[in-house]
Amino acid sequence: MRIPCPYCGPRDAHEFTYLGDATVTRPDPAAPDAAAAFHAYAHLRDNPAGPHEELWYHGGGCRGWLRVTRDTLTHAITGARFAADSSVSAPSVAKDPS
Amino acid sequence: MRYSFLSLLANAVTGQKLWSAAWRDAKPKPAYDAVIVGGGGHGLATAYYLAKKHGVRNVAVVEKGWIGSGNAGRNTTIIRSNYGLPGNIPFYEWSMKLWEGLERELNYNAMVSQRGILNLYHSDPQRDAYARRGNAMRLHGVDAELLDREQVREMLPFLDFDNARFPIQGGLLHRRGGTARHDGVVWGYARAADRLGVDIVQNCEVTGFIRDGDRIAGVETTLGPIRAGKVGLAVAGNSSRLAAMAGLRLPIESHVLQAFVSEGIKPLIPGVITFGAGHFYVSQSDKGGLVFGGDIDGYNSYAQRGNLPVVEDVCEGGMALMPLIGRLRLLRGWGGIMDMSMDGSPIIDRSPLPGLYLNTGWCYGGFKATPASGWCFAHAIAKDEPHPAAAAYRLDRFATGHLINEKGVGAQPNLH
């Protein structure tokens, strides 16, 4: 499986680390239903058979976090862009205020 | 026909013509007391124990392909009870006890072979961790022996003891562990369940659920609707897809695990060996092929095939452990899809929907659990309460924080 990194070009999956579903977003810890929302965020997944939005870290290359669209039935990858370019808030290293 | 010395003899002298089909190829009835979705080992064992232990004989097992065509037909056949956490040890030990009596129970040769499993350690901290696990096992009445380097060398002289990075220091031996013939387990349970009146419906895919208000009252299938008082899901790999049809989201991701078989060689490996410094495990089948595997590929997949990085990783693990396999040819490799749970442990429980029961999240340890999984799932379905041996495998443990993380690696499926 080769992942088309927008910075480095197509690279072997060997160079990447998988984080998981990119569609889950970290809930607001101050919300009244925060406990249930964090349970869903940490544990529950749609786990589709077909196109899946997921996060990959290109540790063996540009060290960018990518948002990859991959078909879980065929392993075909139809898109890869930097996670920072999308609205996902998951492992956004740039947002750390320290 | 009951298998016995006499039945063998009778067939031997009559040209093997007296054998009858091991189970009926049933057509579905309109309604059952219970329908089990999934004709793998777990589903068939559940149906068998429902009929045998709980007297629920009006049961159907529906399977989208042929029985045993999923993970039961593509695993590495290892059975063991060498777990270390309180929620796990009683369950897997119960499974081991059921394995030990399985062939007599089912009147079927499942080739259960207690050839022993040896987990190697390569460092002082790992030795301490294995000693602790062995002590936990012995406190629960499970056998465990901590071997030093020379004891391992006596057993397995061909291992690479002087490996520069990961020298073998010893191992934790679980003598009652071993292997069983995966197809034999499926066929044995199918035949035994069939004899108790269970309908085994093959080539029947579930496409939806029948509802009575909130209650799940049966399944829609490619062979038409089947109503049921209770519906149990035992569909490893596809649990999320089935649950989604009922409107449930599970703490599950589907991942592929690859396994491999070498060409057949003369007897070399007496039991099961695991490489403690990486992830590699190997045993030798009765046909002579080395059966081995390692890590999962590590990303969501329903493809039933893996990718090359893990093939390389597994083979490197094997070469680090026993360089002599370097000239063996790989006969075949395959991938199975498993429902990896968020803490690495299974779920045997009622679902939030009345009438629907879940047996899922076996990660890649489902085969060894087959008998106890069926036993405990049948209990949960029949009595609407968890079996004591599986009381920790609740669905709500993720919300309440009672996780069972045997490896202690965190809440991420690809780490388990």
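Structure notes:
- Out of B:G344, B:G408, B:G326, sole residue that is within 20 Å of B:G278 (Cα to Cα), out of contact with any Ser or Thr (no Cβ under 8 Å at 6 or more places or on another chain) and within 14 Å of chain A (Cβ to nearest Cβ): B:G344
- Restricted to the range B:166-184, and to residues there that are assigned to a loop (DSSP other than H, G, I, E, B) and under 13 Å from the mean Cα position of the chain (by Cα), the residue that is surrounded by the fewest Cβ atoms within 10 Å (Cβ to Cβ) is B:R181.
- All of A:D46, A:D96, A:D85, A:D33 fail the test of being within 17 Å of B:S254 (Cβ to Cβ) and either away from chain B (no Cβ under 12 Å) or modelled with pLDDT of 95 or more (or both), apart from A:D46.
- The set of residues in the range B:307-341 being open to solvent by 20 Å² or more (accessible area, probe 1.4 Å) and assigned to a loop (DSSP other than H, G, I, E, B) consists of B:N307, B:L328, B:R329.
- Listed conditions (1) at positive phi; (2) within 14 Å of chain A (Cβ to nearest Cβ); (3) open to solvent by less than 30 Å² (accessible area, probe 1.4 Å) are all met by B:G224, apart from (2).
- For the range B:45-59, the tally of residues that are touching a residue at least 12 places away in the same chain (Cβ under 8 Å) and either at positive phi or surrounded by fewer than 24 Cβ atoms within 10 Å (Cβ to Cβ) (or both) stands at 7.
- Selected residue (only one of A:A31, A:A35, A:A42 is within 16 Å of B:N414 (Cβ to Cβ) and open to solvent by 20 Å² or more (accessible area, probe 1.4 Å)): A:A42
- The residue of the range B:286-306 that is farthest from the other protein chains (Cβ to nearest Cβ), among those that are crowded, with 24+ Cβ neighbours inside 10 Å and among the aromatic types (F, W, Y), is B:F292.
- Every condition in (1) hydrophobic (A, V, I, L, M, F, W, C); (2) within 25 Å of A:D21 (Cα to Cα); (3) under 17 Å from the mean Cα position of the chain (by Cα); (4) surrounded by fewer than 24 Cβ atoms within 10 Å (Cβ to Cβ) holds for B:A389 except the one numbered (2).
The values are calculated or read from the model by the stated rules, or taken from the named source; none is laboratory data. Fair warning: this is a prediction, and the values are worked out from it, not measured in the lab. Quick reminder, even Gly has a Cβ in these numbers, built from the backbone with ideal geometry, and neighbours come from all protein chains shown. The accessibility values were calculated without ligands, DNA or RNA, using every heavy atom of the protein model including side chains. Shrake-Rupley method; radii C 1.70, N 1.55, O 1.52, S 1.80 Å.
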